[in-house]
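Here the structure is laid out as structure tokens; the discussion comes afterwards.
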Amino acid sequence: DAKTTQPTSMDCAEGRAANLPCNHSTISGNEYVYWYRQIHSQGPQYIIHGLKNNETNEMASLIITEDRKSSTLILPHATLRDTAVYYCIVRPLNDYKLSFGAGTTVTVRA
Amino acid sequence: SQTIHQWPATLVQPVGSPLSLECTVEGTSNPNLYWYRQAAGRGLQLLFYSVGIGQISSEVPQNLSASRPQDRQFILSSKKLLLSDSGFYLCAWSRLAVGQLFFGEGSRLTVL
């Protein structure tokens with residue numbers, strides 16, 4: 001049961017902002033949106049999460065639409081090291097499990 | 001600070017042999033612990049999770065098992081490996097009721 005839909009792949013230019021979309025049209029009121037990324041041959045890395053307000057940290061910004069049915073992860077200045085698979089996940093805060101889908105393969109090109 | 005370690009990093013095992021992967025967490029107590037597997041070119045599959053000593057939940061029926069003999073120790077085992085058990089195994093931990101998972105370095109298993 002896919003709770004999120006992401007593009008399979010996308011390219012972006014080094015130094016430019018990368019905008020990664022995620023559709024979660026069936027999200028429930030108690031479900032948060034989480035973003036992780038996985039660089040090749042490494043474990044996934046937490047990026048950011050949010051409920052309904054936009055969030056920003058040192059890695060990225062998360063923009064959640066007012067109806068919460070979609071979100072965008074923004075990498076403000078993409079570098080070659082940002083090349084990875086990016087996962088958008090929705091889950092309730094108190095759910096122990098975190099299920100990963102196929103994600104978006106992001107390739108940053110020089 | 002909290003750290004997570006898993007070993008071995010790589011191993012090559014024959015079909016039918018046993019398996020033991022170990023994961024330990026330092027710097028925190030009563031963590032939630034997880035085992036994930038990633039087959040070549042595939043996504044991450046949750047295998048087991050544990051919310052306390054001796055409490056194991058299995059997500060996918062298979063010939064693997066997990067145990068949590070101590071608060072910060074999580075072990076993945078098999079009595080007889082199959083070719084389909086090959087993959088990248090990842091251990092992770094989280095604090096109670098928090099969705100931020102911290103992953104280990106991974107163990108790459110090749111079954112021949």
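A short reminder: the numbers here are calculations on the coordinates, not readings from a lab. Model, not experiment: these values are computed from the prediction. Here the Cβ is made from the backbone with ideal geometry for all residues, glycine too, and neighbour counts use every protein chain on show.
If neighbour count is taken as other Cβ atoms inside 10 Å, put B:Arg72, B:Arg42 in order from fewest to most.
Working: B:Arg72 19, B:Arg42 11.
Ascending number of Cβ neighbours within 10 Å: B:Arg42, B:Arg72.
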Viscosity 1.306 mPa s, 10 °C: Kirkwood-radius Stokes-Einstein D of the range B:54-112 over Cα pairs, µm²/s: 121 µm²/s
Footprinting exposure proxy for B:Leu64, B:Leu90 (fewest neighbouring C-beta atoms within 10 Å first): B:Leu64, B:Leu90
For chain A, fraction of C-alpha pairs farther apart than 22 Å, in %: 25 percent
Radius, Kirkwood style, for chain B when every pair of distinct Cα atoms is counted (Å): 14.0 Å
Inter-part distance where the range B:44-106 and the range A:52-110 are each reduced to a Cα centre, Å: 24 Å
5 angstrom amide H check on B:Leu81, placed H, neighbours 5+ away: B:Gly16, B:Ser17
At R0 = 35 Å, FRET efficiency that the Cβ-Cβ distance of B:Thr28 and A:Met10 yields, to 0.05: 0.45
Distance (nanometres) between label positions extended 7 Å along Cα→Cβ at A:Asn19 and B:Gln2: 3.4 nm
FRET efficiency, 1/(1 + (r/R0)^6) with R0 22 Å, evaluated for B:Val12 and B:Ser67 via beta carbons: 0.40
Spacing of the two label points (7 Å from each Cα toward its C-beta) at B:Glu59 and A:His77, in nm: 3.6 nm
